[in-house]
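Peer 1: Attaching a single structure in structure tokens format; questions to follow.
Taken together, the values in this text are just the output of simple stated rules run on the coordinates, not laboratory data. Owing to the predicted nature of the structure, the values given are computational and were not obtained by experimental measurement. No Cβ is skipped: glycine too gets one built from the backbone with ideal geometry, and neighbour counts run over all protein chains shown.
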Amino acid sequence: MFSVRTPILLDVNTQNDLFDMRGKYPLNGAANLTSHLYRLFQTVKTLGIPIVSTRLHQLADIEPPPAEPICVPGSFGYQKLPCTICERVEEMPLDCGTDFPLDGLLRAQQHIFDLPDANPFDSPRLDRLLSETQTPLWIIVGGPLESVVRMMILGLLQRRQPLAVVKDCCGQRDPADCDLAMRKLESKNVRWINTDETIAMLTAKPKRQRSQRPASIFVASLTRPAGGYKAGRKSGRHLAYRR
């Protein structure tokens with residue numbers, strides 16, 4: 001459907017209820033996670049790299065179950081972290097459609113999809129985008145790692161999409177479940193990177209290939225000038241012969 005030359009940052013549910021200590025369901029080490037996310041998003045925004053974001057929508061069926069629904073629309077916990085929001089944002093609200101703008105990801109740097117439940121691929125429009133977009137790499141951040149992020153990774157692998165997971169930008173709620181999930185993902189050769197490696201990869205300048213003189217130039221330089229060397233000396237062609 002769409003072809004993107006650069007990597008795409010896949011931002012999974014970086015909302016206040018999960019990544020802010022004032023939220024209803026804060027992940028382990030939320031403050032440290034936020035500092036890594038801030039650095040990564042600053043780089044991504046500056047470089048103009050596309051961002052596909054998801055946002056949980058009044059979720060109650062997550063493991064371990066919260067005391068009350070989290071990410072309720074209109075609440076503080078529903079909002080994305082301020083550092084994860086771009087100036088040019090396209091909202092993709094909940095519905096059963098699969099349509100998408102003809103200009104793809106060019107209309108805005110960031111597209112935010114509301115999720116009806118923990119499985120990201122239950123959103124038909126997001127499923128279509130993740131399945132049909134051609135990109136060198138999906139860079140995954142967010143949480144919780146043992147549930148929503150794990151389902152996102154497995155879904156992309158099933159669709160044969162290249163991906164890398166920024167480990168120190170992914171939060172987990174239950175250490176035991178997270179450890180089990182990571183072991184299962186490692187068996188599928190998932191690529192794990194950290195924030196510093198991701199920033200270095202995104203900001204690396206492409207290597208220039210050394211230009212080589214065509215073979216015909218070397219052949220011409222070894223050709224005896226017409227009329228002998230004296231004639232070539234008058235026209236300056238002896239210089240080509242001596243190189």
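Peer 1: If each of Lys184 and Ala200 carries a label point 7 Å out from its Cα toward its Cβ, how far apart are those two points in nm?
Peer 2: Distance between label points: 3.2 nm.
Peer 1: Step through the residues of segment 156-172 one at a time and calculate ³J(HN,Hα) from phi using the Karplus curve (6.51 cos²θ - 1.76 cosθ + 1.60, θ = phi - 60°), rounding each to whole Hz and writing x for Gly and Pro.
Peer 2: Whole-Hz 3J(HN,Hα) from phi for segment 156-172: 5, 5, 5, 8, 6, 9, x, 8, 9, 10, 7, 4, 7, 10, 10, x, 9.
Peer 1: By counting other Cβ atoms within 10 Å of each Cβ, how are Asp99, Asp20 ranked from fewest to most?
Peer 2: Ranking Asp99, Asp20 by Cβ neighbours within 10 Å, fewest first, gives Asp99, Asp20.
Peer 1: Rounded to whole Å, give me the distance from the Cα center of segment 63-89 to that of segment 157-172.
Peer 2: After rounding, the separation between the Cα centres reads 20 Å.
Peer 1: How charged is the neighbourhood of Leu185? Take every other residue with its Cβ under 14 Å from the Cβ of Leu185, and add Lys/Arg as +1 and Asp/Glu as -1.
Peer 2: Summing Lys and Arg as +1 and Asp and Glu as -1 gives +2.
Peer 1: For segment 8-203, what is the per residue volume of the convex hull drawn over the alpha-carbon atoms, in cubic angstrom?
Peer 2: So the per-residue Cα hull volume is 109 Å³.
Peer 1: Within 11 Å, Cβ to Cβ, of Ile140, how many net charges do the neighbouring residues add up to if Lys/Arg are +1 and Asp/Glu are -1?
Peer 2: Overall, the nearby charge balance is +2.
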